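Every number here is computed from the coordinates shown, using simple stated rules; none is lab data. The structure presented is a predicted model; accordingly, all values stated were derived computationally and were not measured. Neighbour counts run over all protein chains shown; Cβ positions are idealised from the backbone, glycine included.
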Amino acid sequence: MSQTIHTTAIIAEGATLGKNIKIGPYCVVGPDVKLGDNVELIGHVNLDGDTTIGADSKLYPFVSMGYPPQDFKHKGGPVRIEIGERCTFRENVNIHPGVDVGEPVTRIGHDCYFMVGTHLAHEGQMGNHVIVSNGAQIGGNVTIGDHVILGGLCAIHQHTRIGNHAFIGGMATVTTDVIPYGFVIGNAAHLAGLNVVGLKRRGFSREHIRDMRSAYRLLFAQEGTFAERLDDAAKVYHDHDLVMEIVSFIRAQENRSICMPNTGR
């Protein structure tokens, strides 16, 4: 086992370190922290609590994880953070664990990239291949799917759901749920279409994108109620997996408001 640990780093007894760990100057690693193989802490990184970081992840200066959540309901009980493999956390990123009176775990999937000054609050649930751009702030109990991009300085309200492959524009203030493949901009945020650029980059076929656009126009037309249009889309596109993913997302929590297009009215 090869480990490179700077003489100024403080590693508490009980911390679990994988193979080929690199820990730079002035890092602090708490007794319940678990670092997978090839994890690198550049310097001035502070990790505490029951925090697990997957293999091949890299943490830059002044990253802070595992300290008590900013939720007054938390009573000090056991909570934790679980982070997948190959994640990157740039300078001044802050991640909080779950809450003992709610979801005790904050989870981040594989291959996620947090840029400078970003924050994921308590009980966050994040999928794989998510990019969180500079200064983005994510409130408590937020659920984010796979391949989501959050633009710089955007703010995500607590309990919001963001579906797979969605794109949140810079400085958007998101207070309602964002459908999978949605493209959201503005303050307050509104749905501006589908994330077509992202769909093309990730290899979705022209036919799939065409059908998605047709379904989008049906869902967000002006005729009838939204519930009626949702039922119509489910009938017309019942054999189209991508459209049905949007339908299922909306139906999963019908008590939550959906981010809608700006009709100008």
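Would you pull out the residues with amide H under 5 Å of Ile23's amide H, same chain only if 5 or more places away, H placed 1.01 Å from N?
Thr4, Ile5, His6, Leu41
Tell me the label-point distance for the pair Thr7, Glu223, using the 7 Å Cα-to-Cβ offset, in nm and rounded to one decimal.
Calculated label separation equals 7.8 nm.
At 222 nm, what helix-only mean residue ellipticity would the chain give, in deg cm²/dmol to the nearest 500, using -39500 (n - 2.57) for each DSSP H run of four or more?
-5000 deg cm²/dmol
Which length gain, in nm to one decimal place, applies between Arg206 and Val236 when the Cα-Cα distance is subtracted from 0.36 nm times their residue separation?
Contour length minus the Cα-Cα distance gives 8.9 nm.
Out of all Cα-Cα pairs in segment 203-252, roughly what percent, to the nearest whole number, are more than 13 Å apart?
So the pairs more than 13 Å apart make up 54 percent of the total in segment 203-252.
Taking θ = phi - 60°, what integer Hz values does the Karplus form 6.51 cos²θ - 1.76 cosθ + 1.60 yield along segment 212-218, in sequence order, with x for Gly and Pro?
My calculation for segment 212-218 gives 4, 5, 4, 5, 4, 4, 5 Hz in order.
I'd like the antiparallel share, as a percent to the nearest 5, of DSSP beta bridges with both residues in the chain.
Bridges in the chain that DSSP calls antiparallel: roughly 5 percent.
With a 10 Å cut-off between alpha carbons and a GNM built on the chain, which of Ala121, Ala172, Ala233 moves the most?
Of Ala121, Ala172, Ala233, the Gaussian network model singles out Ala233 as fluctuating most.
Please find, in a Gaussian network model of the chain (springs between Cα atoms separated by less than 10 Å), the residue of Glu82, Glu123, Glu223 whose mean-square fluctuation is greatest.
Result: Glu223 has the largest fluctuation of those listed.
Springs between alpha-carbon pairs under 10 angstrom, Gaussian network model over the chain: which of Val93, Val184, Val101 fluctuates most?
Taking springs between Cα atoms under 10 Å, the residue moving most is Val101.
Output ³J(HN,Hα) for segment 176-185: one whole-Hz value per residue in order, computed from phi by the Karplus curve 6.51 cos²θ - 1.76 cosθ + 1.60 with θ = phi - 60°, and x for Gly and Pro.
Listing the rounded values in order: 10, 5, 10, 5, x, 6, x, 10, 10, 9 Hz.
Hey, how many Å between the Cα centroid of segment 122-172 and the Cα centroid of segment 12-54?
25 Å
Just to be sure I understand the curve: with the Debye formula and one point per C-alpha of segment 90-208, what is log10 I(q)/I(0) at q = 0.10, 0.15, 0.21 Å⁻¹?
Cα-only, vacuum Debye calculation for segment 90-208: -0.27, -0.60, -1.14.
Can you work out ³J(HN,Hα) from phi for every residue in segment 122-135, in order, using Karplus 6.51 cos²θ - 1.76 cosθ + 1.60 and θ = phi - 60°, giving whole Hz and x for Gly and Pro?
4, 6, x, 10, 10, x, 9, 6, 9, 10, 10, 7, 3, x
Can you put Thr263, Thr8, Thr160 in order, fewest other beta carbons within 10 Å first?
Ordered from fewest to most neighbouring Cβ atoms within 10 Å, Thr263, Thr8, Thr160 come out as Thr263, Thr8, Thr160.
Can you give the Rg and Dmax of the chain based on its C-alpha atoms, in angstrom?
Rg, Dmax (Cα atoms, Å): 20.2, 68.
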